[in-house]
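What follows is a set of notes on a single structure, which appears directly below.
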Amino acid sequence: MVSKDATTDEATIDRWWTQWRTRTSALLPEPSLGLWSVDIDPRHGGQESLEQWRQAHSDDFPTTIASLTGSGGAHLLFAHPGQTIRNKVRHLWQHR
């Protein structure tokens, strides 16, 4: 089952966790939550791009947490900087 339903309602979340115990959950990183994420997709060179990004910013690359994905990749979570973050596939490491 793939669903794009989302809620912050605790009763709904409890019901979903009871009904679908083996399903995964998702977090929508957005400015109102103070988060943004980077999707590292190994099928599209994500690990290589991440390494290039880390090397280019080795002095100030932020420490963060990651959630592993079903494809073998990861979502890296960062504190939102409070400004617009543009999505650019395969080019994130080039921007500072």
Out of all the residues in the stretch 40-51, is one or more modelled with pLDDT of 85 or more, of a type in the set (S, T, N, Q) and within 23 Å of residue 7 (Cα to Cα)?
no
In the stretch 3-51, anything in contact with a helix residue (DSSP H, G or I) (Cβ under 6 Å, 6 or more places away or on another chain) and in a helix (DSSP H, G or I) is listed as 49
Those residues of the stretch 48-71 which are of a type outside the set (S, T, N, Q) and out of contact with any strand residue (DSSP E or B) (no Cβ under 8 Å at 6 or more places or on another chain) amount to 48, 51, 53, 54, 56, 57, 59, 60, 61, 70
Out of (1) within 13 Å of the chain's Cα centre (by Cα); (2) not in a strand (DSSP E or B), the one residue 82 does not meet is (1)
Selection over the stretch 52-76 where residues are out of contact with any Phe, Trp or Tyr (no Cβ under 8 Å at 6 or more places or on another chain), surrounded by 12 or more Cβ atoms within 10 Å (Cβ to Cβ) and outside any loop (DSSP other than H, G, I, E, B) yields a count of 5
Given (1) over 21 Å from residue 24 (Cβ atoms); (2) of a type outside the set (Phe, Trp, Tyr); (3) surrounded by 10 or more Cβ atoms within 10 Å (Cβ to Cβ); (4) under 16 Å from the mean Cα position of the chain (by Cα), residue 41 misses just (1)
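The values are calculated or read from the model by the stated rules, or taken from the named source; none is laboratory data. The structure displayed is predicted, hence computed values, not measured ones. For neighbour counting, all protein chains shown are included, and Cβ atoms are generated from backbone atoms with ideal geometry for every residue, glycine included.
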